[in-house]
Amino acid sequence: MNRIKNFIEYAGWPRIIIGIFLLTLFVMAPFVRVRLDASISDTLVRFGMNGVMVLAMVPMIVSGCGLNFGLPLGIIAGLLGAVTSIEIGIPGIPGVLIAMAIAIPIATILGWAYGLLLNKVKGSEMMIATYVGFSSVAFMCIMWLVLPYRSSNMVWGYAGKGLRTTIAVEGFWHQAISDIGSFRIGQFFYIPTGMFLFLALLCAAMWVFMRTRTGTAMTTVGSNPEYARASGVNIDRMRIISVILSTVLGAIGIIVYQQSFGFVQLYMGPFYMAFPAVSAILIGGASVHKATILNVVVGTILFQGILTMTPSVINSMIQTDMSEVIRIIVSNGMILYALTRAVKVKL
Amino acid sequence: MKQRQILVNLLIFVAMVALAIFCYTNGKANIVFVENIPFNHEGVTYEAFEAIQVSVDDTAPPLFLLAGDRGTVAMAGRNHVLVIEELDENDNITGTHSISFKNREMKGNVVNVVPLIHGKFPGWSYQLDR
Amino acid sequence: MNRKFDSFKHFLVQNAVPILFLVVSAFAIPISQFSGTYLIQEMLVRLSRNSFLVLSLLIPIMAGMGLNFGMVLGAMAGQIGLIFISDWNVVGVSGILLAAIISTPLAILLGWLCGAILNMAKGREMVTSFILGFFMNGVYQLIVLYGFGSVVPITNPAMVLSRGFGIRNVTNLEGVRKCLDNLIPVSIQGIDIPLATFLIIALFCLFVVWFRRTKLGQDMRAVGQDMKVAGAAGIPVEHTRLISIIISTVLACYGQIIFLQNIGTLNTYNSHEQAGMFAIASLLVGGASVSRASIFNVFLGVVLFHLMFVVSPMAGKYLIGEAQLGEYFRVFVSYGIISLALVLHAWRRQKNKDRARRSLRGIEAE
């Protein structure tokens, strides 16, 4: 009894409710003629697609910069990389690597500037991050029209310039990472091994990084800034490093997402992409000041599970698609819960 | 003090409800059929007008009805004024009638202007079966 | 001389945003080739349409709660009122009044909810109210898309989706369209002036001026200055903050009704989202900051923001030959301006805090 109580305390009510909800959906799936293997496979694929972007939340939370609503900034760097890679036109793994090689320096520069900005506005990072994300997406809307990309796979046919809103990566590097060692069981069950390995690699790297000197210093900055100051850690520098890391991971994350999804979404596409990632890590048990790799894994599986299961199960149950509404309520409700629960910002 | 506050709040509430009811009855619009067809009253037959132009409660544009025509108009409020203008072949106005009636007087969703003009004979308004 | 220059510089810095907008508009207006009459008419319409929504933001700023992104809750309440009156086919000014009366209790309830949640998240009111807006958007969709027509009776089949419940994407407000604007018809040299709407806005401005002088208004300012001091002085801090949000939500609800009666159609699932963003951007363009806003800022902001809004697509078209570019430009500017204002405010606050800390440590602050 006591153990259950402890577990509830440890996991928190919202997570348990969401977990039970997801479990119910899985249990009900066979009864409403939704294929369980296909659902699980979908959930896993989406877990792999979104995992890196959720992981991108960790450094900034740990260093006390709060939830990174400015993720679109990293996503933009990733998009630039992806689009340039398609313009060059090299298919397969090299194409993805080129995309990342272009995206990472851009993300580093953007992240550095973004970090400098966030250091000037300590205490209200989240609101500003949100709007930095929004304005950068809006700014890039102009840029996508103007930038001199010429590949006929990407520009509007009649005008010959200006990138299209969605660009297919089919024929370039569709599922390039996912298909490394991927396998199928039956018709519906597909495991993108490569994508999981890649995510595991990044998670492990993050885990190791958190235990290096820089990593622990970063954690100290987030959890106890006064102590960090006293022990001679350069707070501003640590915060900038965390923001750069977060932005770079965002850039890598969107490339992983696209190679699995099959499309590059430009213009207003990345606008709301920060929110699912933020709610996923919160569902996984992170708070505004504390996050671990475990939170990332658990949260992404729970959140993406709900996103995959609600449309199919609820749709077959009541013949109405309520998934969009459920998604909005669950994800924003989770963020709201975290924001109201957190202790007042330590200054 | 406390009691007075409750009283004031209650008064505001009652006033709001009253205002809401007033607005509802005053603003509720009903679809009304206006027709221009012959009418028989106590053995006397009144012919339909050749052509008329009907405007309801000053809302533009007016309805244009030939003999035997029926048109629809949305009427809001409790009191209505029908302005009926008779037209000749060249669409010149030859006579104008202005008649007012209340929602309460109406028997249904159809208004025939012929008996209405000749003195609101019973049967000027009736319910149309769908 | 130097001092004069300094004060001029101070003025420039303080009003950087409106001045920037004036300059951009001054270039863009000739390029767009709009006539003066058209622009004046357009500005009058947009002033009457948007001012009330923007004004509803003033009171939470006074109470130190920043920009109330939660005003979309009020807008939702107003839309629910409008859905009911267009279902019942109540037209004219009575329709508008009825919509306002129906949505008032809803707005009060939502405002109370918003205020209570914001009291739990002191110090991060803005981001919380922002997310709350998204969250309630989900609840609103749940109610209107699934509840209306199934749980809540809707009599007019034309408003309901073909599946039997849920309101259609577009709700026609033909019955109340411009009925407030045209209540007192005034026209000067072919320019229509929506006098009745302006009278209501003026009345509301008087209310704000009066409200600042009441006991409650003074309390709010004290709370906005410093919560701890206000609490020590015996002001019920949380209660005061709650009331400021309730007032703002109710006013935003009326503002949305005024806005939509002018537009004449309700985008059932989008209208409220845009309301908050545009209102906040307008206020900031008018030179307001997160902690200080006046009635003058409201009107200046609405005119400048919407001037750019009207002019930029055409300017973009004539300048670069692409209207889409101007479209994106104005989206960028609305978001950029909010970011800029938020950054400036946070930066200033941090600088003040640093200065306070330094003086506390006994080092001479420069």
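The values are calculated or read from the model by the stated rules, or taken from the named source; none is laboratory data. Keep in mind the model is a prediction, meaning the values are calculated, not measured. Cβ atoms come from the backbone with ideal geometry, glycine included; neighbour counts cover every protein chain shown. The protein model used for the area step is the full one, side chains on, heavy atoms only, and it has no ligands, DNA or RNA in it. Shrake-Rupley method; radii C 1.70, N 1.55, O 1.52, S 1.80 Å.
With respect to C:F165, determine if the residue is in a helix (DSSP H, G or I) and either under 19 Å from the mean Cα position of the chain (by Cα) or farther than 16 Å from C:S51 by Cα (or both). For C:F165, the condition - in a helix (DSSP H, G or I) and either under 19 Å from the mean Cα position of the chain (by Cα) or farther than 16 Å from C:S51 by Cα (or both) - is not met.
Tell me, yes or no, whether the stretch A:23-32 has at least one residue that is touching a residue at least 40 places away in the same chain (Cβ under 8 Å), under 24 Å from A:F271 (Cβ atoms) and assigned to a helix (DSSP H, G or I). Checked against the condition, which is being touching a residue at least 40 places away in the same chain (Cβ under 8 Å), under 24 Å from A:F271 (Cβ atoms) and assigned to a helix (DSSP H, G or I), the stretch A:23-32 yields no hits at all.
Restricting the stretch C:158-176 to residues that are without any contact (Cβ under 8 Å) to a residue 40 or more places away in the chain and open to solvent by 100 Å² or more (accessible area, probe 1.4 Å), the residue that is farthest from the other protein chains (Cβ to nearest Cβ) is C:S162. Evaluate the following for C:G224: is it more than 15 Å from the chain's Cα centre (by Cα), assigned to a helix (DSSP H, G or I) and without any contact (Cβ under 8 Å) to a residue 40 or more places away in the chain? It is false that C:G224 is more than 15 Å from the chain's Cα centre (by Cα), assigned to a helix (DSSP H, G or I) and without any contact (Cβ under 8 Å) to a residue 40 or more places away in the chain.
Looking at A:M317, A:M334, which one is within 14 Å of chain C (Cβ to nearest Cβ), open to solvent by 40 Å² or more (accessible area, probe 1.4 Å) and not polar (S, T, N, Q)? Result of the check over A:M317, A:M334: A:M317.
Results for (1) part of a loop (DSSP other than H, G, I, E, B); (2) at pLDDT 90 or above; (3) within 29 Å of A:R237 (Cα to Cα); (4) open to solvent by 50 Å² or more (accessible area, probe 1.4 Å), shown as yes or no for each residue.
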{"position": "A:A99", "(1), (2), (3), (4)": "no, no, yes, no"}
{"position": "A:P105", "(1), (2), (3), (4)": "no, yes, yes, yes"}
{"position": "A:G111", "(1), (2), (3), (4)": "no, yes, yes, no"}
{"position": "A:A129", "(1), (2), (3), (4)": "no, no, yes, no"}
{"position": "A:C141", "(1), (2), (3), (4)": "no, no, no, no"}
{"position": "A:N153", "(1), (2), (3), (4)": "yes, no, no, yes"}
{"position": "A:G157", "(1), (2), (3), (4)": "yes, no, no, yes"}
{"position": "A:F172", "(1), (2), (3), (4)": "yes, no, no, no"}
{"position": "A:L197", "(1), (2), (3), (4)": "no, no, no, yes"}
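Filtering the stretch B:80-93 to residues that are modelled with pLDDT of 80 or more and surrounded by fewer than 18 Cβ atoms within 10 Å (Cβ to Cβ) leaves B:V81, B:V83, B:E86.
Looking only at residues of the stretch C:127-157 that are closer than 30 Å to A:H289 by Cβ and open to solvent by 30 Å² or more (accessible area, probe 1.4 Å), we find that the one that is farthest from the other protein chains (Cβ to nearest Cβ) is C:V139. Residues of the stretch B:16-38 that are open to solvent by 30 Å² or more (accessible area, probe 1.4 Å) and away from chain C (no Cβ under 13 Å): B:F33, B:I37, B:P38. Of all residues in the stretch A:1-22, those satisfying the criterion of being part of a helix (DSSP H, G or I), out of contact with any Phe, Trp or Tyr (no Cβ under 6 Å at 6 or more places or on another chain) and either open to solvent by less than 70 Å² (accessible area, probe 1.4 Å) or within 30 Å of A:N315 (Cα to Cα) (or both) are A:I8, A:A11, A:W13, A:R15, A:I16, A:I17, A:I18, A:G19, A:I20, A:F21, A:L22. Quick check: is even one residue across the stretch A:67-81 without any contact (Cβ under 8 Å) to a residue 12 or more places away in the chain, surrounded by 24 or more Cβ atoms within 10 Å (Cβ to Cβ) and among the polar types (S, T, N, Q)? No, because not a single residue in the stretch A:67-81 is without any contact (Cβ under 8 Å) to a residue 12 or more places away in the chain, surrounded by 24 or more Cβ atoms within 10 Å (Cβ to Cβ) and among the polar types (S, T, N, Q).
Being part of a helix (DSSP H, G or I) and buried (at least 20 other Cβ atoms within 10 Å of the Cβ) is a description that applies to A:A280.
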